[in-house]
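Since the structure comes first, as structure tokens, the remarks are kept for the end.
The values are calculated or read from the model by the stated rules, or taken from the named source; none is laboratory data. From a predicted model like this one, the values you see are computed outputs, not experimental measurements. Don't worry about glycine lacking a Cβ; one is built from the backbone with ideal geometry, like all the others, and counts go over all protein chains shown.
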Amino acid sequence: MADFPGDTAFHPHSAHWGAFSAGWQDGKLVVKPHPADPDPNLVLQNFPDALRHKARIARPMVRRGWLEGGPGPDRNRGRDSFVPVGWDEVLDLLAAELKRVKEAHGAGAVFGGSYGWSSAGRFHHAQSQVHRFLNTSLGGYVRSVNSYSAGASAVILPHILGPFEAMSRRNVTWEQVVAHSEVVLAFGGMALKNTMVASGGVSRHVERASMQAARERGCEFILVGPLRADLPEEAGAEWVSAIPGTDTALMLGLVHTLVSEGLHDRGFLEDCCEGWPVFEDYLMGRADGVAKDAAWAAGITGVPAEQIAALARRLVGKRTLVVTAHSLQRAEHGEQPVWMAAVLAAALGQLGLPGGGYNYALGALAHYGKRTNAVSCASLPQGRNRVQAFIPVARISDMLLNPGAAFAYNGQTLAYPDIRLVYWAGGNPFHHHQDLNRLREAFARVDTLVVHELGWTATAKHADIVLPCTMTLEREDIGGGPNDPLMVAMHRVAEPFGEARDDYTIFAALAERLGTAEAFTEGRSARDWLRHLYSHTQTALAAMGLPAPDFEEFWAKGELSLPQLPDDGGVLRAFRADPVANPLPTPSGKVEIFSATIAGFGYADCPGHPTWLAPADAPDAAHPLRLVANQPATRLHSQLDFGGHSMDSKLRGREVARMHPVDAAARGVADGDVIRLFNARGACLAAVRLTEDVRQGVVQLPTGAWYDPQDPAEDKPLCVHGNPNVLTRDVGTSSLAQGCTGQLTVVQVERFEGNLPPIQAFDPPVARMAAE
Ligand SMILES: Nc1nc2c(c(=O)[nH]1)N[C@H]1C(S)=C(S)[C@@H](COP(=O)(O)OP(=O)(O)OC[C@H]3O[C@@H](n4cnc5c(=O)[nH]c(N)nc54)[C@H](O)[C@@H]3O)O[C@H]1N2
Ligand SMILES: Nc1nc2c(c(=O)[nH]1)N[C@H]1C(S)=C(S)[C@@H](COP(=O)(O)OP(=O)(O)OC[C@H]3O[C@@H](n4cnc5c(=O)[nH]c(N)nc54)[C@H](O)[C@@H]3O)O[C@H]1N2
Ligand SMILES: [Mo]
């Protein structure tokens with residue numbers, strides 16, 4: 001049955017990967033990008049096949065072992081069958097379990113961090129919904145802080161420069177790059193696959209055209225990293241192929257060259273920076289007898305010394321912008337390249353100039369490099385969380401495996417709480433977390449794992465209670481973010497799949513059973529909430545004396561363009577213009593090249609100034625290749641991996657890894673083969689493409705292929721589909737930030753011989769009726 005039979009209209013809608021409209025033609029869903037988008041995102045084309053795919057969850061399910069044996073630790077999670085249960089019964093069961101945990105252990109025994117990107121609508125944003133529900137109905141939950149994206153930078157940037165948002169989102173714009181930049185030195189690049197995505201949506205993808213326009217004006221782009229494709233052809237970039245994980249050493253080599261040749265901006269370092277002399281002692285080798293010169297850096301980075309020295313000279317006397325991708329800091333000692341890039345930009349004297357200086361993560365997402373809206377878009381208020389305990393987001397397995405254990409974080413010593421119930425809505429830990437075999441052990445320790453999902457992800461398959469939720473196309477919402485002018489009235493395009501319900505409806509029904517319905521819903525239907533959230537925008541527009549359409553008008557038109565603030569360069573520009581009147585919000589009011597605060601924490605893995613710290617996770621004879629596990633081009637993370645565009649990118653049903661022909665030949669691997677990637681933590685299969693655009697010694701496998709254990713009963717099953725997180729390490733960046741280090745690890749690769757195991761990642765789990 002076609003949804004909305006007879007309906008031939010196209011309905012406005014939005015996703016993190018773009019604004020669009022969707023409608024039905026000949027019984028098929030058709031998705032058209034927003035007409036104003038100059039460079040639309042093909043990821044939108046995952047929707048049509050995904051909407052009614054077998055991977056969707058049709059009805060509530062409870063894990064057999066949990067249903068029969070009750071809550072409790074169980075190694076059978078992810079190995080068990082499921083029993084379909086009616087909505088009323090499952091909500092009764094879950095409400096009773098929430099009550100039990102709260103009464104026996106308190107709200108501090110519930111982990112509700114629920115990290116994940118959910119979907120773009122600001123009301124049905126699942127993570128906001130689950131937080132609001134736990135706050136209003138249980139009194140709170142153990143939360144997580146920071147993100148998998150920027151775990152290290154979110155903690156280090158405020159110590160050394162200023163707020164994360166001011167250094168990433170409100171800094172150098174693409175408009176400035178087009179008009180002013182002469183050299184853009186991009187560590188980790190600015191891959192167009194990544195700027196296709198912005199949290200809350202994006203109406204115009206401008207990055208490709210911006211890089212092209214800058215280049216045509218004469219701007220030079222230089223890419224440092226292991227993959228040539230990290231800058232687009234339009235940038236005409238020079239590729240400095242460097243060993244991943246060594247950027248700090250490369251930047252030290254660059255700054256050493258500047259200082260040795262007297263090319264550094266002494267005035268800026270003296271007037272606007274704190275602690276240059278201490279750092280200079282380290283740089284020049286006066287402190288430890290090792291000069292961090294170009295030759296030293298060459299030995300670590302694999303970039304010839306002459307190339308490093310020549311590169312340093314090219315950065316001087318021009319409007320130079322230094323950019324570091326998020327990826328650099330999603331690695332051991334990830335704080336260091338973020339800090340050292342600020343020092344490089346300071347030594348060049350370019351911080352705060354239009355199109356120059358340092359923009360952390362420009363080009364990693366479509367919401368960086370844009371203007372900021374003058375009026376904010378809707379977001380669901382989350383209420384008050386009365387539980388104090390939190391974890392840095394990527395410490396989830398550590399927490400579940402080590403209740404009560406102490407850990408260091410940003411100058412504090414904290415203890416892991418004792419978690420009995422984990423509630424997840426809008427995220428996929430079997431996508432985002434590292435060392436998945438360890439994560440499975442961690443999830444085996446809790447009493448109850450609850451998951452709301454639209455698809456049978458591995459997380460859903462490891463849950464005790466699985467509640468099917470609607471996909472964004474199946475409900476009304478408002479899309480928007482702080483750096484895109486377009487607010488979208490997201491109309492409903494399709495009927496809910498099977499018995500799926502909105503997260504909001506599910507939480508409202510649970511709140512009803514817990515006697516907290518009024519606090520959670522405030523008496524509003526979903527439509528009432530949209531109207532309510534929209535009214536804030538309308539009021540703010542009216543207060544500015546701007547046209548302020550009412551909700552009906554907004555809804556009928558399908559979109560609203562919000563006013564934006566001037567492109568003023570933010571905190572860094574103001575600081576540069578007058579460092580005394582506009583100090584940076586750091587302890588010294590200056591750029592902290594040395595941080596007394598960080599030095600005072602006494603962390604060997606994050607000393608008081610940027611330092612080259614060799615990674616413990618280095619290649620050896622058994623695991624000679626460096627794995628780069630980066631973001632996928634054909635989807636957002638694991639979302640709709642079963643959609644058409646994502647599936648078209650697979651080879652022999654598997655995710656595609658890329659490696660250099662020389663590394664392949666040494667292993668008897670040919671283009672198109674299936675390979676086995678393995679290390680001490682686990683193993684997965686992938687199909688392989690050979691290309692000289694990958695640095696020798698590196699193998700690249702993107703994230704997002706759904707975890708697909710060949711034999712789930714094993715402790716370390718082979719993932720037959722190509723999820724790199726069976727290989728990555730579950731350790732924090734350092735004692736400072738404890739961020740995710742999933743981008744890099746070491747592996748060995750061999751040709752896979754024998755019969756190819758089938759892909760079962762998208763199959764629903766075995767369901768048995770209660771009576772069987
Ligand atoms: N090895 C390695 N690992 C990484 C990274 C890496 O570079 N390397 N990158 C990390 C980064 S930067 C990030 S941000 C994370 C991303 O990790 P996640 O954000 O967890 O990944 P997603 O696949 O976006 O997960 C969102 C989930 O929400 C579900 N969903 C969508 N809409 C709804 C809804 O309305 N309701 C509910 N209940 N669910 C919904 C989707 O089906 C999907 O399963 O991954 C991290 N993991
Ligand atoms: N299509 C698509 N776009 C996305 C996402 C997605 O899932 N799909 N995810 C979004 C999210 S949540 C985020 S946080 C951003 C992530 O933004 P990033 O973390 O920056 O993205 P990645 O693709 O993981 O990494 C960018 C590139 O860095 C390079 N690299 C890896 N390690 C190193 C290193 O040590 N040094 C250097 N110099 N280069 C290195 C890799 O070659 C890689 O291609 O992307 C966003 N954009
Ligand atoms: Mo991210």
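A single member of 347, 361 is within 15 Å of ligand 2 (Cβ to nearest atom) and in contact with a His (Cβ under 6 Å, 6 or more places away or on another chain), and it is 361. Has the stretch 98-107 got at least one residue that is within 16 Å of ligand 1 (Cβ to nearest atom), not polar (S, T, N, Q) and not in a loop (DSSP other than H, G, I, E, B)? No, the stretch 98-107 has no match at all.
Looking across the stretch 173-194, the residues that are farther than 20 Å from residue 394 by Cβ and touching a Gly at 6+ places or on another chain (Cβ under 6 Å) come down to 173, 174, 176, 177, 180, 181, 189, 190.
The single condition among (1) crowded, with 24+ Cβ neighbours inside 10 Å; (2) more than 16 Å from ligand 1 (Cβ to nearest atom) that residue 353 does not satisfy is (1). Among the residues of the stretch 494-527, which ones are within 28 Å of the chain's Cα centre (by Cα) and of a type outside the set (A, V, I, L, M)? Correct list: 496, 497, 501, 502, 503, 504, 505, 507.
Among the listed residues 366, 345, 294, 361, identify the single one that is closer than 21 Å to residue 615 by Cα, surrounded by 24 or more Cβ atoms within 10 Å (Cβ to Cβ) and out of contact with any Pro (no Cβ under 7 Å at 6 or more places or on another chain). Of the residues listed, the single one that is closer than 21 Å to residue 615 by Cα, surrounded by 24 or more Cβ atoms within 10 Å (Cβ to Cβ) and out of contact with any Pro (no Cβ under 7 Å at 6 or more places or on another chain) is 294. Tallying residues that are within 16 Å of ligand 1 (Cβ to nearest atom) and closer than 19 Å to residue 384 by Cα within the stretch 142-159 yields 4. Tally the residues that are more than 19 Å from the chain's Cα centre (by Cα) and either without any contact (Cβ under 8 Å) to a residue 60 or more places away in the chain or in a loop (DSSP other than H, G, I, E, B) (or both), restricting the search to the stretch 475-487. The number of residues fulfilling the criteria is 3. The residues on offer are 290, 224, and the sole one that is of a type in the set (A, V, I, L, M) and within 30 Å of residue 43 (Cα to Cα) is 224.
Checked against (1) in a helix (DSSP H, G or I); (2) surrounded by 19 or more Cβ atoms within 10 Å (Cβ to Cβ), residue 391 passes all but condition (1). Given the condition touching a residue at least 24 places away in the same chain (Cβ under 8 Å) and within 27 Å of residue 191 (Cα to Cα), answer yes or no: does some residue in the stretch 51-71 qualify? For the stretch 51-71, residues touching a residue at least 24 places away in the same chain (Cβ under 8 Å) and within 27 Å of residue 191 (Cα to Cα): absent. Under the condition of being touching a residue at least 60 places away in the same chain (Cβ under 8 Å) and of a type outside the set (A, V, I, L, M, F, W, C), the residues counted in the stretch 646-657 number 5.
Here the helices (runs of 4 or more DSSP H) wholly within the stretch 242-337 that include at least 1 residues being within 16 Å of ligand 2 (Cβ to nearest atom) and modelled with pLDDT of 95 or more are 247-260, 294-301, 305-314.
For first residues located in the stretch 384-403 and closer than 17 Å to residue 105 by Cα, partners that are aromatic (Phe, Trp, Tyr) and part of a strand (DSSP E or B) and lie 6+ apart or on another chain with Cβ distances below 8 Å form the pairs 399/111; 400/111. None of 398, 464 is more than 16 Å from ligand 3 (Cβ to nearest atom), farther than 30 Å from residue 533 by Cα and surrounded by fewer than 24 Cβ atoms within 10 Å (Cβ to Cβ) except 398. Put simply, of 215, 169 the only residue that is within 16 Å of ligand 3 (Cβ to nearest atom) and not assigned by TED's automatic domain parsing to the domain that holds residue 393 is 169. Test residue 613 against the criterion of being crowded, with 18+ Cβ neighbours inside 10 Å and either more than 25 Å from residue 247 (Cα to Cα) or touching a residue at least 24 places away in the same chain (Cβ under 8 Å) (or both), and give yes or no. Judged against the criteria, residue 613 is not a match. Among residues belonging to the stretch 623-679 that are small (Gly, Ala, Ser) and either outside the structural domain of residue 747 (by TED's automatic domain parsing) or assigned to a helix (DSSP H, G or I) (or both), point out the one that is nearest to ligand 2 (Cβ to nearest atom). The qualifying residue nearest to ligand 2 (Cβ to nearest atom) is 646.
Say whether the condition of being away from ligand 3 (no atom under 16 Å from the Cβ), modelled with pLDDT of 95 or more, over 30 Å from residue 363 (Cα atoms) and surrounded by fewer than 24 Cβ atoms within 10 Å (Cβ to Cβ) is met by at least one residue in the stretch 139-146. Yes, the stretch 139-146 has at least one match.
Only residues that are touching a residue at least 12 places away in the same chain (Cβ under 8 Å), more than 12 Å from ligand 2 (Cβ to nearest atom) and either surrounded by fewer than 22 Cβ atoms within 10 Å (Cβ to Cβ) or over 17 Å from residue 174 (Cβ atoms) (or both): list them for the stretch 211-231, please. If the condition is that a residue be touching a residue at least 12 places away in the same chain (Cβ under 8 Å), more than 12 Å from ligand 2 (Cβ to nearest atom) and either surrounded by fewer than 22 Cβ atoms within 10 Å (Cβ to Cβ) or over 17 Å from residue 174 (Cβ atoms) (or both), then 212, 213, 215, 217, 218, 220 are the ones that fit.
Scanning the stretch 472-485 for residues that are surrounded by fewer than 24 Cβ atoms within 10 Å (Cβ to Cβ) and of a type in the set (A, V, I, L, M, F, W, C) yields nothing. Within the stretch 736-756, the set of residues being surrounded by 19 or more Cβ atoms within 10 Å (Cβ to Cβ) and either within 26 Å of residue 78 (Cα to Cα) or touching a Cys at 6+ places or on another chain (Cβ under 7 Å) (or both) comprises 736, 740, 741, 742, 743, 745, 747, 752.
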